Amino acid sequence: MTALLSISDLSVRYRRDGVEVPALKGISLDVLAGERLAIIGESGSGKSTLALAVAGLLARGAKIGGRVDWFLPASAGAKAPLSVLPDISPSRGEIGSSAAGSLLATSKIGEGGDRQLISPLEGEMSGRTEGGATERLLLMPGGNTPRLGGDIGFVFQDPSSSLDPVMPVGKQIAEVARTHLNLSWPQAYAKAATLLERVRLPDPDTALRAYPHQLSGGQKQRVAVAAAIAAGPKLLIADEATSALDTIVQAEIVSLIRRLVSEDGMTMLFISHDIALAATLADRIAVLRHGELVEFGETGQILNAPRHAYTRSLLAAHLGLEAEPLLDRQGASA
Ligand SMILES: Nc1ncnc2c1ncn2[C@@H]1O[C@H](COP(=O)(O)OP(=O)(O)OP(=O)(O)O)[C@@H](O)[C@H]1O
Ligand code: NI
């Protein structure tokens, strides 16, 4: 498999109370086109920082070193200089909804003529508020650099914070399709209805007109997934997308994501603190600890022959809780 994106020596430091906090330290890894890659590690290990860096959503003020190179086909990428993403703010205040990000987006034609370089060192992102919803604007200098919402779909932990409470969910999904696929409103609504069917919402036609508060947590997360994939992204990033849900709903959403990723041939970045859950979905697992990549390998190798003591301790902690063999947990049907 070829790489969809390549992360080289990526370092991120946040500034807090005048002190710099290192969140990622020299991470290098390739994300292969079509693979499902899990990023795991305990709270504070830098998982979300890695996901946000890939998506160009890091908080303004974060100091970034290294680079992220994308290898998008020439037909993909931004046609317009701005890409608009409906509010999908992280849920725990890591980046406030009005916070702007800082991202470097430069575009460079490489050897193959289709190499895209996104170097996270300059560039600009801004947020704006409209009727309670925040939109993130990702400024791209042109060329076929990845577009958040278009080339990258992002699902956060808390669906309530990612959906606009005062807009029917059908409109929120349609908006993504309209913006990124240049559809008319009727076409975009038709697409939204199809997506609500694909994420198995009961009675999709009624659900189109529903407001988020009329849906359960699991149903809201299905809507958030529908919005994330509405423009047919190459990469779907799910950052603890099932952590706020109870175990049964969690298994259903994991199965849903697995099915959609496979049906649409998407590449997946699955962020989780739960190695067992990650193992049910991932082809490969990257283990982060204190901002460092301590282990990276095929899921089978990580589970059966972990090389790093920290990975072994994560597995032991899981096995201490439940005696089920990890690889048998393939989850409920979606
Ligand atoms: N916006 C921010 N400003 C300052 N420090 C931050 C910010 N976001 C994250 N950090 C710090 O960076 C480190 C990595 O955080 P990050 O959110 O990436 O970890 P995580 O692995 O996603 O954790 P969790 O499992 O709790 O979501 C932590 O020390 C965290 O406190
Ligand atoms: Ni996180």
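What follows draws every value from the coordinates through simple rules; no lab data is involved. What you see is a predicted model, and the numbers here were worked out from it, not measured in a lab. Ideal geometry is used to build each Cβ from the backbone, glycine not excepted, and the neighbour counts take in all protein chains shown.
Rounded to the nearest Å, what's the spacing between the alpha carbon centres of the range 297-318 and the range 41-71? Just the number, please. If we compute the Cα centre of each part, the gap is 24 Å. Using equal-weight Cα scatterers in the Debye expression, the normalised intensity of the range 241-322 in log10 at q = 0.18, 0.20, 0.25, 0.26 Å⁻¹ is -0.82, -0.98, -1.30, -1.34. Between E197 and A317, what FRET efficiency comes out of the Förster formula 1/(1 + (r/R0)^6) with R0 = 41 Å and r the beta carbon distance, rounded to 0.05? The calculated FRET efficiency here is 0.55. Residue pairs exceeding 32 angstrom between C-alpha atoms, taken from K63/K234; K63/K191; K25/K191: K63/K191; K25/K191.
Using a Förster distance of 30 Å, how high is the FRET efficiency between D264 and V166, based on the Cβ-Cβ distance and rounded to 0.05? Can you show the working numbers first?
Working: r = 30 Å, r/R0 = 0.99.
Efficiency for this residue pair is about 0.50.
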